[in-house]
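*Asks:* Can you keep this structure in mind? I'll have questions shortly.
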Amino acid sequence: MAIRAYKVRNFLRKPQNIILLVLAIILSYLVLVPFVYILADTFSVHPSEIMRIPGSRVGEFTLYHWSKIFASADSYTTFVQPLAHSLVCALGSCVVAIGVGGIFAWLAIRTDMKWKKIMTTLFIMPYIMPSWTLALAWNNFFKNSLVGGVPGIFTAITGISTPNWFAYGPFPIIMVTGLHYAPFAYILIGGILRNMDSNLEEAAIVMKTSKFRMMFRITIPLVTPAVLSTFILVFSSGMSSFGTPQFLGLPVKYYVLTTQMYRNLNGTNPGLGYAIALILIAISLAIMGINQIILGTRKSYTTVSGKSSNFSLMKLKKLRMPISVFMLVFVFIITIVPLVSFAIESLVTVPGDYSLENMSFRYWTDSDLALTEGVLVNATVWRAIRNSVLLAVLCSVGAGTVGCLAGYAIVRRWGAKLSTFVNNLTFIPYLIPSMAFSAIYLSMFAKSHGPIPALYGTFALLIIIGTVKYLPMASRSGVNSMFQISAQIEEAAVVMGVPWWKRMTQILIPIQKASIVSGYLLPFTSCMRELDLFVLLYTPSSILLTTVLFQYNSKGFDQYANAITLIIILLVVLMNALVNKLTGASISKGVGG
Amino acid sequence: MPKIVLKGITKRFGKSVAVDNLDLTIEDGAFVTLLGPSGCGKTTTLRMIAGLETPTEGEIYIGDNLVFSSEKGVDVSADKRNIGFLFQNYALWPHMTVRKNITFGLENLKWSKSDINKRLDELLVQMHIEEYADRYPSELSGGQQQRVAIARTLASKPALLLMDEPLSNLDAKLRLDMRAELKKLHAETGSTFVYVTHDQQEAMSLSTKVCLLKNGLLQQYSAPLEIYGRPANVFTADFVGSPSINLVDMDVSGTSGDGIGLKNGSCSIVFHPEKNVDIPAGRKVVIGIRPEMIRISDSGRAHAVIDSSLPYGMETVLCLKLGDIQLLVVVFGSIDFPKGSRESIEMTGNGICLFDKESGELLSVGSAEFV
């Protein structure tokens, strides 16, 4: 018994063990328990479903939802077809994101491409913008009159009417989602490219390996872990993305799993929605399992040792100018042009008419409009700005701090069961579609459970769900950055008796400052533009910018909606710049620069 | 001052055994090297002494203090063991200047400002890095980084200094310089040094005692010249010495007087053990002859053909063919031999080793002659 006590004491003496233990308990409650709730919901009769299920009572056990999905005449339209659509869109988005992001990362970090600074700054923009605002921009440009309404800017300028496949459905969904996540691929792949020991490549050069061969046999295998992480992140995001398919798919009745789920959750068949949510989660979990198996065997390359080395940039030679110009134009099109479209759309008085006489600032500044006050003189908008910023700051501080600590503890105890468990726990929120997650929290926190009060309607609930939901980004970046620091760097301080908090704050965090700050920035920007997660949980007192936008958009207040989109983007960019100024680090600097 | 005692130390990683029931006593003020091929458990042993790795079983004492015991549940953390640790990759903090790298630990120990500055100046001078004080590690060469790492480790004047292959990242010339400096440092500080290396020359030239490990098992723990002259077994004999020892399989053909007759094909040898040993005829043995113990001499009774000759200036390494047997021979002086020439050879000195073929253990040391 005495020895057991010693063992416990020795175990608890290591801070990484305490962190893991605390996280295991808290995250189990916030991440695993919701699964129990969601599962129970798929087997019980909901109030709105009494008419559908003859002779049933509310709360009763039923197999109705599952049999409807897998074993009914409607299976194809309720489940199989949306599933196929989701898979096509998610995989397509992965290809676009990894292709565009990977090529850009390589050009920006390993070659002598021109105007890197401006391009890397701009390239992050799509990620800062909500993915559905890029969809909104696509719509601003390419909407056609076939579905009804006025045609977009493209048609107004060229006179060419866009075909349906180009304006709506899988093609624009894939492009918009892929471009939205391309910065993510750039950040992850770029991080490896930047920190990779150039000896590895130089070793191949001396062996007279051709540039081409080196790229495929050395560089690409080394970035494979980053590509795989990008793949699972984009794939699961694509599978659970709601705004973009809702916006670009609905006009041509192109349903994916999430829009199908929303239709059911918001309609008269919530149990079916929960069942689809569970299936979505199961798919994501399977992907993560596969990823773990692949990465498990070759999980990490320590790419940064205590020794420093530099790499030389590859000369693009004759292609330098054409490639640079092409990339600049491309980056311009995916970043600045959408913003211009929001600005223009917020100015036009009568939709569809893009002449200068038809433009004014009335939807920004006039307080005596028929619909509601202009966005800059609107009390609701101002309250929403205050709430959004506060929520984003609190969620990013929460997620960033927990993620950094989790990354440290997970890496220090890498391979141990507890570490693997917490590692998976921190990642699971990514796999739960936002809409489903908030629906579950809604029912979980509606009543008090033991010491945990009923949190529904409070701002605290928004903070909790935001922190948990964005933890994966922060913990990924925490794990990656800690893996890059050789354990000896910390041990050198351990033997000198430097206490743990000092090792963290004065050695580990400063060394990986850039990527740890990005662990704070990613949740911040995500939170600023989040709609799906909060749309079920906000109350008038906790209204957010995105929910205001959602209200205006669904009411058809197009000019207001475009104006608020611009405000959201502006706020995020400003915040980024501010943090950049304060800490000297940013998302883009973490990798590009 | 500390004497380190390891009792029955075992370390398992899953099913593989890194260190197997190791007993070791490191005397106060000693310079002990843990030597062995890669994967032999030497680094693990060092890290267990430091407290960076937890043994599966056993006890470790530093000085009079029990710092680890699996049975009593004692595990004193690394910082309380009063050690310095020099890492293979230096592990300098890349975001701190040389000055800060050295003083960071001292500030943490709550040294006074003036003491810290005094110690810093001492170390900068001692390690010849005065001019780099305000540079960052990435702005230094490998050798300079190593000096900074040593200065950082020495800063708090640890009584026990643990070093994990500290010279393996340096070039040959620098390595030689640093070896001499480390030995000087050992004399100056009077601290106990424990040093991990896979380079037998480094172990031989630096240490007061060498601990030779193989697959987690202790092979021999003796003074360097003892290891060289009286290797405990074939592995030790082969691992230490460059060019390596000649190991030739022999059959014991019989005993006559104090001599033991050995035979391998056309090669016959009589071995005279320094003390009487009983080795029955028919036993299979291995004779170990250091290259410098074979001499080219007109009076030699065996005749060998020169297969290759490598003159280094100070000495020449010859590869000889004696029938089917290949022998390495060192001839001192600036001298070269044409390939294919025939030379007479003989064995000199009392350092010829005889090992049991089956167990590999040393049977006896003595002199020998060709017949």
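FYI, it's all coordinate maths here, none of it is from the lab. On a predicted model such as this, the values are computed, not experimentally measured, just so you know. Don't worry about glycine lacking a Cβ; one is built from the backbone with ideal geometry, like all the others, and counts go over all protein chains shown.
*Asks:* Which percent, to the nearest 5, of DSSP beta bridges fully inside the protein assembly as shown are antiparallel?
*Replies:* Bridges in the protein assembly as shown that DSSP calls antiparallel: roughly 80 percent.
*Asks:* If R0 is 35 Å, what FRET efficiency do you get for A:Arg386 and A:Trp414 from their C-beta distance, rounded to 0.05?
*Replies:* Efficiency, rounded to the nearest 0.05: 0.25.
*Asks:* Binning every alpha carbon pair distance of chain A at 20 Å from zero, what are the percents per bin?
*Replies:* All Cα pairs, binned at 20 Å, distribute as 19, 52, 26, 3, 0 percent.
*Asks:* Can you list the residues, at least 5 places off or on another chain, whose amide H is less than 5 Å from the amide H of B:Ala302, using H built in the peptide plane?
*Replies:* Under 5 Å from the amide H of B:Ala302 lie the amide H atoms of B:Ile345, each far enough along the sequence or on another chain.
*Asks:* What list do you get for B:Ser268, B:Ser359 if you sort them by fewest beta carbons within 10 Å?
*Replies:* The order, fewest Cβ neighbours first, is B:Ser359, B:Ser268.
*Asks:* Kindly provide the helix-only [θ] at 222 nm of chain A, computed as the sum of -39,500 (n - 2.57) over DSSP H runs of four or more divided by all residues, to the nearest 500 deg cm²/dmol?
*Replies:* Calculated at 222 nm, the ellipticity per residue is -21500 deg cm²/dmol.
*Asks:* Please arrange A:Leu533, B:Leu362, B:Leu109 by how many other C-beta atoms lie within 10 Å of their C-beta, fewest to most.
*Replies:* B:Leu109, B:Leu362, A:Leu533
*Asks:* Quick one: of the DSSP bridges fully inside segment B:4-239, what percent are antiparallel, nearest 5?
*Replies:* Looking only at bridges with both residues in segment B:4-239, the antiparallel portion is about 55 percent.
*Asks:* Right, another one. What's the local net charge at A:Pro270, with K and R +1, D and E -1, over the other residues with C-beta under 15 Å away?
*Replies:* 0
*Asks:* How much mean residue ellipticity at 222 nm does chain B get from its helices, if each DSSP H run of length 4 or more adds -39500 (n - 2.57) and you divide by all residues, to the nearest 500 deg cm²/dmol?
*Replies:* -7000 deg cm²/dmol
*Asks:* Please give the Cα centre distance for segment A:45-118 versus segment B:282-357, rounded to the nearest Å.
*Replies:* Rounded to whole Å, the Cα centres lie 78 Å apart.
*Asks:* Here is a follow-up. Could you list the GluC sites (Glu not before Pro) in segment B:37-93 that lie in coil according to DSSP, counting only those with at most 15 other Cβ atoms within 10 Å of their Cβ?
*Replies:* Sparse-neighbourhood loop GluC sites (Glu not before Pro): B:Glu71.
*Asks:* Find, among the trypsin sites (Lys or Arg not before Pro) in segment B:56-95, those assigned to loop by DSSP (not H, G, I, E, B) with at most 13 other beta-carbon atoms within 10 angstrom.
*Replies:* Those satisfying the criteria are B:Lys72.
*Asks:* Continuing with the same structure: In chain B, which whole DSSP H runs stretch at least 24 Å along their own axis (Cα) and average -1.0 or higher on the Kyte-Doolittle scale?
*Replies:* Helices meeting the span and hydropathy rule in chain B are B:172-189.
*Asks:* Now, a different point. Could you check the spin-label model distance between B:Asp298 and B:Glu226? Points 7 Å from the Cα along Cα→Cβ, value in nm.
*Replies:* Between B:Asp298 and B:Glu226, the label points sit 4.3 nm apart.
*Asks:* A further question follows. Roughly how many nanometres apart are two label points built 7 Å out from the Cα toward the Cβ at A:Lys211 and A:Leu285?
*Replies:* 4.8
*Asks:* Based on the Cβ-Cβ distance from A:Val340 to B:Ser38, what FRET efficiency comes out when R0 is 45 Å, to the nearest 0.05?
*Replies:* So the FRET efficiency works out to roughly 0.15.
*Asks:* All other residues with a Cβ under 14 Å from the Cβ of B:Asp251 taken together, and with Lys, Arg as +1 and Asp, Glu as -1, what is their net charge?
*Replies:* Once positives and negatives cancel, what remains is +1.
*Asks:* Which distance in nm do the two modelled labels at B:Leu310 and B:Asp115 give, with both placed 7 Å along the Cα-to-Cβ direction?
*Replies:* About 5.3 nm separates the two model spin labels.
*Asks:* Given H placed on each backbone N at 1.01 Å, which residues far from A:Ser44 in sequence or on other chains put an amide H within less than 5 Å of it?
*Replies:* Those qualifying (amide H under 5 Å, at least 5 residues apart or on another chain) are A:Thr62.
*Asks:* I'd like to know which of B:Gly142, A:Leu537, B:Leu154 lies farthest towards the positive end of the charge dipole of the protein assembly as shown, counting +1 on Cβ of Lys and Arg and -1 on Cβ of Asp and Glu.
*Replies:* A:Leu537
*Asks:* Net charge within 12 Å of B:Glu188 by Cβ-Cβ distance, Lys/Arg positive one each and Asp/Glu negative one each, not counting B:Glu188 itself?
*Replies:* Net charge around B:Glu188: +1.
*Asks:* Now, a different point. Could you tell me the calculated FRET efficiency between A:Asn424 and B:Leu217, based on Cβ-Cβ distance and R0 = 45 angstrom, to the nearest 0.05?
*Replies:* 0.70
*Asks:* Still on this structure, I have one more. Just tell me, in residue order, which DSSP H segments of chain A are both 27 angstrom or longer along the helix axis (alpha-carbon based) and at least 0.5 in mean Kyte-Doolittle hydropathy.
*Replies:* Flagged H segments are A:81-110, A:170-195, A:220-240, A:270-297, A:320-347, A:379-412, A:459-484, A:558-583.
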